[in-house]
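Asker: The following block contains the structure, expressed as structure tokens.
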Amino acid sequence: MQERRKTQRIRLCVEIGVFDIKSGERVGRLVDISTEGIMLAGGQPMTINTVYEFRIYLPVSIYGKNEIKFNAICLWSGKDGKTSEHQGGFQIQNPTKELKEMITLWMQTPSMENPNKDR
């Protein structure tokens, strides 16, 4: 499959939960993130072409905030053959400048790693 991402993505080295804003329920765990999208893994399938309202509690404070909130549309969904987890790729909808800056700063903290740095 051809890579279509325009921005660098970072894989997490710690487990970070992703929550539905309306229900407060945990949707899954963050696998990777960029300023334009995220990949999640969780116990339930994610619905393609559905817009989700997400909240992520940050492990560090950025601009005095400990969470980020955004809407994202599910572009793909499937089951991981190795772990049996459901996975989904999401595009952040209309990210604000502040959200992009917060994600960029978070991506530079020691809680993140980048195995694709030289690719």
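The values are calculated or read from the model by the stated rules, or taken from the named source; none is laboratory data. Since the structure is predicted, the reported quantities are computational estimates derived from the model, not experimental observations. Cβ coordinates were reconstructed from backbone atoms using ideal geometry, including for glycine residues, and neighbour counts include every protein chain displayed.
Asker: Restricting attention to segment 63-110, which residues are small (G, A, S), under 27 Å from Q44 (Cβ atoms) and exposed (fewer than 15 other Cβ atoms within 10 Å of the Cβ)?
Answerer: Result: G78, G81, S84.
Asker: Moving on. Name the single residue that is surrounded by the fewest Cβ atoms within 10 Å (Cβ to Cβ) among those in segment 27-54 being hydroxyl-bearing (S, T, Y) and at pLDDT below 95.
Answerer: T35
Asker: Quick one: how many residues across segment 37-57 are touching a Phe, Trp or Tyr at 6+ places or on another chain (Cβ under 6 Å) and more than 17 Å from I103 (Cα to Cα)?
Answerer: Number of matching residues: 0.
Asker: Has segment 82-89 got at least one residue that is over 16 Å from I21 (Cβ atoms), of a type in the set (S, T, N, Q) and in contact with a Phe, Trp or Tyr (Cβ under 9 Å, 6 or more places away or on another chain)?
Answerer: Yes, segment 82-89 contains a residue that is over 16 Å from I21 (Cβ atoms), of a type in the set (S, T, N, Q) and in contact with a Phe, Trp or Tyr (Cβ under 9 Å, 6 or more places away or on another chain).
Asker: Which residues, taken from segment 79-97, are more than 16 Å from the chain's Cα centre (by Cα) and at pLDDT 95 or above?
Answerer: If the condition is that a residue be more than 16 Å from the chain's Cα centre (by Cα) and at pLDDT 95 or above, then K97 is the only one that fits.
Asker: Evaluate the following for V60: is it in contact (Cβ under 8 Å) with a residue 12 or more places away in the chain and within 15 Å of M102 (Cβ to Cβ)? Even if it seems obvious, please write down each step before you answer.
Answerer: Values: in contact (Cβ under 8 Å) with a residue 12 or more places away in the chain: yes; within 15 Å of M102 (Cβ to Cβ): yes.
For V60, the condition - in contact (Cβ under 8 Å) with a residue 12 or more places away in the chain and within 15 Å of M102 (Cβ to Cβ) - is met.
Asker: Just name the residue that is modelled with the highest pLDDT out of those in segment 1-15 that are farther than 21 Å from G78 by Cβ, of a type outside the set (S, T, Y) and surrounded by fewer than 17 Cβ atoms within 10 Å (Cβ to Cβ).
Answerer: V14
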